[in-house]
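Enquirer: Please read through the structure below; I'll follow up with questions.
The values are calculated or read from the model by the stated rules, or taken from the named source; none is laboratory data. As the structure is a computational prediction, the values presented were derived from the model and not from experiment. As a convention, Cβ positions derive from the backbone with ideal geometry for all residues, glycine included, and neighbour counts pool all protein chains shown. The protein model used for the area step is the full one, side chains on, heavy atoms only, and it has no ligands, DNA or RNA in it. Shrake-Rupley method; radii C 1.70, N 1.55, O 1.52, S 1.80 Å.
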Amino acid sequence: MEKISRLVSENGVVIFSKSTCCLCYAVNILFQELTVRPVVYAIDKDPEGREMEKALFRLGCSAPAVPAVFIGGKLVGSTNEVMSLHLSGSLVTLIKPYQGLLSN
């Protein structure tokens, strides 16, 4: 979907989320604690949200489709993938270009 592609290509770190998703909130807080200010896009607030969720599935997101985290234009995955990267120390390497920036 064009909206997803545009957001991902224009911003360093993007989290597609739902406003009531506690895992989305946790992933967002993790990035903020690592001094990254991700663009958080709540698909449940978008009239095309269902289509966006289907598009995220097609891109490779697992069920549920949110949080869907993109870093540097590439799909990293959901909570499990982000937390695994964080615990292994690999997440810091991926986000280094975006740390300390007020907007990505």
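Enquirer: Does segment 61-104 come out rounded, prolate or oblate, given a ≥ b ≥ c as the square roots of the eigenvalues of its C-alpha gyration tensor, rounded meaning a/c under 1.5 and, failing that, prolate meaning a/b above b/c?
Expert: oblate
Enquirer: Additional query: Need the full-extension length gain, residue 62 to residue 46, defined as separation in residues times 0.36 nm minus the C-alpha distance. One decimal, nm.
Expert: The residue 62-residue 46 span can extend by a further 3.7 nm.
Enquirer: May I ask you to derive the FRET efficiency for residue 22 and residue 84 from their Cβ-Cβ distance with R0 = 22 Å, giving the value to the nearest 0.05?
Expert: So, using R0 = 22 Å, E works out to roughly 0.75.
Enquirer: Same structure again: Largest first, how would 78, 5, 90 line up by accessible area (1.4 Å probe)?
Expert: From most exposed to least exposed: 5, 90, 78.
Enquirer: Please report, in whole Å, how far the alpha carbons of segment 1-68 spread along each principal axis, starting with the longest.
Expert: 31, 25, 22
Enquirer: Turning to a different aspect of this structure: Once neighbouring chains are kept in place and the probe is 1.4 Å, which whole percent of the accessible area of the chain is contributed by carbon and sulfur?
Expert: In the chain, the share of accessible area belonging to carbon and sulfur is 56 percent.
Enquirer: Also, I was wondering about something else. Determine the per residue accessible area of the chain with all protein chains present and a 1.4 angstrom probe, expressed in square angstrom.
Expert: Roughly 56 Å² per residue, with all protein chains present.
Enquirer: Quick test of your reading: applying the under-4.7 Å Cβ rule, which cysteines of the chain are isolated?
Expert: Result for the chain is 22, 61, no neighbouring Cys Cβ within the cutoff.
Enquirer: How large is the accessible surface of residue 35 in square angstrom, using a 1.4 angstrom probe and rounding to the nearest 10?
Expert: 70 Å²
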